[in-house]
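The values are calculated or read from the model by the stated rules, or taken from the named source; none is laboratory data. Quantities reported herein were computed from a predicted structural model and do not represent experimental measurements. Positions of Cβ are backbone-derived with ideal geometry, glycine not excepted, and every protein chain shown enters the neighbour counts.
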């Protein structure tokens, strides 16, 4: 017999403890829940990190529109506690809050007022079978590209972009030794820091077996060829 995991709590209601900023905007906290694919190899530099990630989105209570979990930040909790609570209540997952992505001001479609949204990253370790809003929301795991495409809020898409930029840059910075090489752009060559350039282009790194490794990319009609010494 399978034992179901259960969160013995209900969603918070009411706004008696709701936080507001100095301009009177309601403060909300949201998370970008993510996980690595099951076959992800952290020691490998083959492929881009974007392809190794999956993101959890949830539906609105009143429509099939998809978004990341978010909700009101209350006076009796830290921003991390609010993020964990909202993610459990709405998405039914457990994990670790890792870092803050930023603050966005957005207009609530339902209330026609401006809110202050704080977004954090949330690495998922466990999915619950039962959670407070299971009966009113759907949840779905998507790739980065699909998540950005279907997310209904532009400010959440911007937060996802910040997350991807931070994660990719951090991974390459920690695992990739600094290297310089020759950059050929439309027939003109110059010496560049290839580590920085590869991060900006989100290119994969592969071990090279010849005197140099050539990585090509076509962007808006311009061919970029990087020559890296082995």
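Of note:
- The range 56-79, residues that are under 16 Å from residue 120 (Cα atoms) and out of contact with any strand residue (DSSP E or B) (no Cβ under 8 Å at 6 or more places or on another chain): 77, 78
- The listed residues are 190, 167, 116, and the only one of them that is over 11 Å from the mean Cα position of the chain (by Cα) and modelled with pLDDT under 95 turns out to be 190.
- Residue in the range 124-133 that is nearest to residue 54 (Cα to Cα), counting only those that are more than 22 Å from the chain's Cα centre (by Cα) and not in a strand (DSSP E or B): 129
For every residue, the table says whether it meets (1) surrounded by 19 or more Cβ atoms within 10 Å (Cβ to Cβ); (2) in a strand (DSSP E or B).
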site	(1), (2)
81	no, no
102	no, yes
111	no, no
117	yes, yes
122	yes, yes
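- The lone exception for residue 108 - which of (1) in contact with a helix residue (DSSP H, G or I) (Cβ under 7 Å, 6 or more places away or on another chain); (2) within 20 Å of residue 58 (Cα to Cα); (3) modelled with pLDDT under 95 it fails: (1)
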